[in-house]
Every structure is written in C-alpha cells, then in structure tokens.
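To keep things clear, I will list the structure first and then write my remarks on it.
Read-outs: derived from the displayed coordinates by stated rules, not from any lab. None of these values were measured; they are calculated from a predicted model. Cβ sites come from the backbone with ideal geometry, for glycine too, and all protein chains shown count toward neighbours.
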Amino acid sequence: MTVSPDPARVEAALVLDPSWIAELRARWTALVQTAVWDDPQMRRLGDAPRLRKRLLELGERLKSLTAGRGWIPHPRERLKSALATAAGVRESLAAVDSLLEGLSPGAAGDGLREQFSSLRLTVEAELLAREQAWAALLDSQLDG
C-alpha cells in the first residue's frame with residue numbers, strides 16, 4: 001500500500017527561488033539574442049537554425065520547470081511532473097551542447113559557448129538538489 005506524500009512538504013519542495021528563476025530567464029534571453037543577432041557561424045550548413053530551434057525548446061522547458069504545479073490535483077503527480085520536466089531540461093541542455101560543438105571559431109561562437117556554459121552552470125547549481133528532493137519525496141510514499 002502506498003501513502004501519498006505530505007501535500008505541504010510537496011508544495012514546499014516545488015517552490016523555486018524567484019532570483020534563480022530571474023537569473024535563468026536573463027541568461028537564456030542573452031543566449032538567444034547572441035544566437036540570433038550575432039549570427040555565429042557553424043561548420044555545417046543548417047546547424048544554425050537547428051541550434052536556434054533547440055535554444056527555443058530549452059527556453060520552453062525552463063519555463064515549464066519554473067511554472068507552478070498547483071493545477072495538478074495530486075501531490076504525487078506534481079512531483080512526477082517536476083521530475084519529468086527536469087529530465088526534459090537536461091535533454092535540451094545536452095542537445096544544445098552537442099550542436100555547439102559545430103560552431104566555427106570566432107567572437108560570436110566563443111560568446112555563445114560562454115553564455116551557454118554560464119546558463120548550464122546556473123541550471124545545474126539548483127536542479128540536482130531539487131531532483132533529489134523530489135525523488136526522495138516520491139520514495140517516501142513507498143516507505144510509509
């Protein structure tokens with residue numbers, strides 16, 4: 001028999017620091033601006049539009065990660081949603097990272113790499129601890 005996690009603990013675990021969210025948004029916005037307006041050169045034809053598409057996807061997933069989950073009725077489902085979204089963010093980070101390997105040398109490419117690295121560090125600084133806390137809450141229902 002499974003026991004539902006304490007709704008108050010789940011809600012507290014899902015609250016994200018507004019300054020972290022603001023930093024993610026600012027770093028992602030700067031990254032997209034560089035990718036579009038600075039026109040970094042890619043080694044393979046067609047990689048620049050793919051990179052921009054992946055950056056947009058990353059932004060959508062970051063927005064989803066930071067969105068409230070109050071509309072999901074059950075605490076367990078809120079945690080599962082948060083974990084799935086975190087996995088999607090990691091997937092998008094890996095996809096962007098892979099495409100960045102195809103950047104040609106130059107100021108725009110170097111700037112894009114730096115901005116992405118900074119965004120990734122910002123994401124990972126908070127995300128790992130959150131994922132562990134969410135997973136622990138899900139596991140706790142099995143212990144009860």
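Some notes on this structure:
- Residue list for the stretch 38-75, filter: of a type in the set (Gly, Ala, Ser) and under 15 Å from the mean Cα position of the chain (by Cα): Gly59, Ser64, Ala67, Gly68
- Identity of the residue in the stretch 87-110, in contact (Cβ under 8 Å) with a residue 40 or more places away in the chain and touching a Phe, Trp or Tyr at 6+ places or on another chain (Cβ under 8 Å), that ends up nearest to Trp28 (Cα to Cα): Val96
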